[in-house]
Every structure is written in C-alpha cells, then in structure tokens.
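Okay, so here's the structure we're looking at.
Bear in mind these aren't lab numbers, they're just calculated from the coordinates by the rules spelled out. Bear in mind that the values here come from a model prediction, so they are computed numbers and not experimental data. For neighbour counting, all protein chains shown are included, and Cβ atoms are generated from backbone atoms with ideal geometry for every residue, glycine included.
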Amino acid sequence: MPTITTRSTQQESALANHISQTFNYMAAGVGLSGVVAYLVSTSPMLMNLALKGNLVFLLVWLAFGFFMHKIVFSLQPAAALATFAAFSALTGFALAPLVFMYTNASIVAAFATASVMFAGASAYGYFTHKSLSGWGTFLIMGMWGLLGLGVTTIVLGLFGVNTGGMSFAFSLIAVPLFAGVTAWEVNTIRETFAQYGRDELLRSRLAILSATSLYMNFINIFINLLQLMGDRR
C-alpha cells in the first residue's frame, strides 16, 4: 500500500508531466507561428493578403478567445490540438507584416524580453506557495478595460484620428497585465490538476486549453513589447 510520501511524490511527478506537456504544446504553437510568419514574409502575394486581413484576424482572435473553452471541450484531444495548431498558423500568417515594419534586431530583442518575462511570470505562478485565485477578478476587469481601449483605438483610427498616444498606453498596460494573467493561469493549472488530474481525457483537454491561453498571453506580451521598444524600418 502506497505511503503518504509515495502518493505525494507521484502526484508531484504527474503534475510536472502535465505542466511539461502544456508548455510543450504552447512552445510548439509559438514555433509554428514563427515558421509560418517567415514563409509568408518570403511571398509578396501572401504578404499582401496578410496586410489586408488585419481586422478579420483581430475578430477571429477575439472570437477564439471567447469560445476556446467550448471549442476545446467539444472536441476529442487530437482534434482540439489540430485546432490549436491551425490557430497558431493563422496567427503566424497575421504577424508576418511585422518583419517589414520593424528591424530584425527589434524583433529579436522583443521576443527575448517577452520570453524572459513569460518565464518569470510562469515560474512565480508555479512555485509560489499561495493561491493566486484572488487575482482573477482584478485581471478579468483589466482585460475588459484593455479590450474597450483597444476597440476605441481602432474605431478612432478608422475615422482618421491620430491614436498614437492611446496605442502606446494600450501596450504599456498590456505587457504587465498579460504577465500577471500568465502567473495566475499557471497557478490555476496546479489547483485544477489537483481536482481533475486523474481523469485522463479531461486532463488532456485542460493541457490544450491552458496551452492555448498561455500561447495567447505570450503573443500579446511580444507584440506589445515590440510596439513599445521596437525600431521601425
């Protein structure tokens, strides 16, 4: 009969495997986006499509963000993972114009900084001994506020209003907000696994759902850092 220490060790090992799988999915999504962005940047025709489809892409992102929980849990894990891969490829397609908007050095610097921030926030969420569930309401309110600011910026831009200051404020708020969301979500993964980790189907779906959410956090941190610190061509 397993001792308490043995069960605890097994549970920590299972949690570590779950976290590893989640971050592997997330990293694969980022890598796929990078490959697609590079391939699109080498094709003038595809680049022209990417430049024209920014608004459509934004709507797809918002819709996927709102409905990703329902999408992932309505599919088998393999299909849900394929959906995440398609979403990552679409994101890479939409981000391809950044290659021509910013210098290569700026893109590398923003990506490296985003990686360090994301890793730090993830580590805090995982290793802290306290629950971060109390952050949830504050972070969700911040996300809604950021969404409102973003929509306002887009609408004003369509009417020819100079929104440079609002765009800068948006990025300035977005970077720490998405870092906070990352720490909170990684912390939530620990708590959720303790409740549902024994159900393999549910655990697989949770890994894909968490990977998708963390992927979106990383992309948001990267884009907004690029807007704050990037040098345009």
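On a 0 to 90° scale, report how tilted helix 200-229 is relative to the longest principal axis of the chain, with both axes built from alpha carbons and the result rounded to the nearest 10.
Once rounded, one gets 30 degrees.
Apply the Karplus parameterisation 6.51 cos²θ - 1.76 cosθ + 1.60, with θ equal to phi minus 60°, to every residue of the range 104-113 and state each ³J(HN,Hα) to the nearest whole Hz, in sequence, with x for glycine and proline.
Values, residue by residue: 4, 4, 5, 5, 5, 5, 5, 5, 5, 5 Hz.
Mind listing the long-range amide H neighbours of Tyr102? Cut-off is under 5 Å, sequence gap 5 or more, other chains count too, H placed in the peptide plane at 1.01 Å from N.
Correct list: Arg233.
Which order do the peptides 125-134, 97-106 come out in when sorted by mean C-beta neighbours inside 10 angstrom, highest first? Before the final figure, lay out each step's value.
Working: 125-134: 12.1, 97-106: 15.0.
Packing order, densest peptide first, comes out as 97-106, 125-134.
Starting from 0.36 nm per residue, how many nanometres of slack lie between Leu201 and Val116 once their C-alpha separation is accounted for?
27.4 nm
Which one of Gly29, Gly180, Gly148 has the biggest mean-square fluctuation once the chain is modelled by GNM with Cα springs under 10 Å?
Judging by the Gaussian network model, the answer is Gly148.
With contacts defined as alpha carbon pairs under 8 Å and 6 or more residues apart, what's the relative contact order of the chain in percent?
Reported as a whole number, the value is 34 percent.
Normalise the Debye intensity by I(0) for the chain, one equal point scatterer per Cα, no solvent, then take log10 at q = 0.09 Å⁻¹ and round to two decimals.
At q = 0.09 Å⁻¹ the computed log10 ratios are -0.41.
Based on Cβ point charges of +1 for Lys and Arg and -1 for Asp and Glu, what charge dipole magnitude is obtained for the chain about its Cα centre, in debye rounded to the nearest 20?
Around 100 debye, computed over the chain.
Determine, from the Cβ-Cβ distance of Ala27 and Trp144 and an R0 of 22 Å, the FRET efficiency 1/(1 + (r/R0)^6), rounded to the nearest 0.05. Display every interim value, and only then the final one.
Details: r = 29 Å, r/R0 = 1.30.
For Ala27 and Trp144, the calculated efficiency is 0.15.
According to a simple spin-label model (label point 7 Å from Cα along Cα-to-Cβ), what is the distance in nm between Gln10 and Leu228?
It is 4.5 nm.
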